[in-house]
1. Relative contact order, percent, of the chain when contacts are C-alpha pairs under 8 Å separated by at least 6 residues?
2. Test of the criteria: in the stretch 119-201, which chymotrypsin sites (Phe, Trp or Tyr not before Pro) are in a DSSP loop and have at most 11 other Cβ atoms within 10 angstrom of their Cβ?
3. So which trypsin sites (Lys or Arg not before Pro) in the stretch 69-141 pass both tests, a DSSP loop state and at most 13 other Cβ atoms within 10 Å of the Cβ?
4. Give K102/K193; K95/K193; K89/K178; K37/K124; K51/K89; K41/K95 a once-over and call out the pairs whose C-alpha atoms are over 24 Å from each other.
5. Exactly which chymotrypsin sites (Phe, Trp or Tyr not before Pro) in the stretch 31-114 are in a DSSP loop and have at most 14 other Cβ atoms within 10 Å?
6. For D70 and N145 in one chain, what is 0.36 nm times their gap in residues minus the Cα-Cα distance, to one decimal in nm?
7. Which distance in nm do the two modelled labels at F196 and E99 give, with both placed 7 Å along the Cα-to-Cβ direction?
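Please treat every number below as a calculation from the coordinates, not as lab data. Treat the numbers as computed from the prediction; the structure is a model and nothing was measured. Here Cβ is always computed from backbone atoms with ideal geometry, including for glycine, and neighbour counts include all displayed protein chains.
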Amino acid sequence: MNKEILYILLPDFAGHEMVYLAEAVASDEYALKENPKYVSKFVAPTLTPVKSIGGFRLLPDYSFDTMPDDYAALVLVGGFGWTTPIADKVASIVKHAIEKGKIVGAICNAASFMAKHGFLNNIKHTGNGIEQLSIWGRENYTNSNGYVNAQAVSDASIVTANGSATLEFAKELLLLLKNDTPERIEMYYQFNKQGFCDLFK
């Protein structure tokens with residue numbers, strides 16, 4: 001089994017949208033895992049540092065040209081880069097992932113990108129509202145009936161989420177990846193959702 005989870009980062013990516021997933025992959029409630037089931041790797045258009053919306057610069061592990069053909073999951077991190085021409089280069093990467101039956105996650109504007117390229121037409125899904133999906137998708141988006149007004153939706157190994165659903169997005173992907181038992185994944189979700197003080201009154 002390939003252990004790498006590949007996060008697609010475009011310029012001005014939303015860094016907060018991947019933190020819960022990456023943290024759960026790398027650590028448990030005590031410390032960093034000695035032998036994590038998965039490893040997070042970052043993919044950008046080139047190997048030069050890519051900047052987040054908040055101004056952080058991340059050095060990619062792979063470029064679009066050097067990324068591996070096999071991996072555990074492909075995660076499209078939202079942000080403003082999905083409105084630029086460079087985003088269209090990701091379409092063939094996603095198409096390949098879906099054809100190979102890989103787990104694919106898309107959050108915020110990345111979910112709208114999925115609509116634009118017809119990747120949501122046969123699954124239940126969500127995103128930043130049906131209006132944005134329809135505007136981005138135009139004639140390529142033919143599944144408005146499949147839209148679910150929820151924070152995150154998992155269907156056919158594809159997880160979609162709106163931009164405020166970072167934690168729900170992580171939970172659904174962690175379940176698909178079987179990163180831990182469902183009970184421990186739920187505990188991780190509730191701990192971060194409710195907060196320490198409310199959960200341990």
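1. Values: 404 pairs, mean separation 38.5, N = 201.
Relative contact order, the chain: 19 percent.
2. Answer by residue number: F200.
3. Within the stretch 69-141, the qualifying trypsin sites (Lys or Arg not before Pro) (loop, at most 13 other Cβ atoms within 10 Å) are K100.
4. Values: K102/K193 28 Å; K95/K193 33 Å; K89/K178 29 Å; K37/K124 28 Å; K51/K89 18 Å; K41/K95 20 Å.
In this structure, K102/K193; K95/K193; K89/K178; K37/K124 lie more than 24 Å apart at Cα.
5. The qualifying sites are F56.
6. Result: 23.7 nm gained on full extension.
7. Once both label points are built, they end up 4.9 nm from each other.
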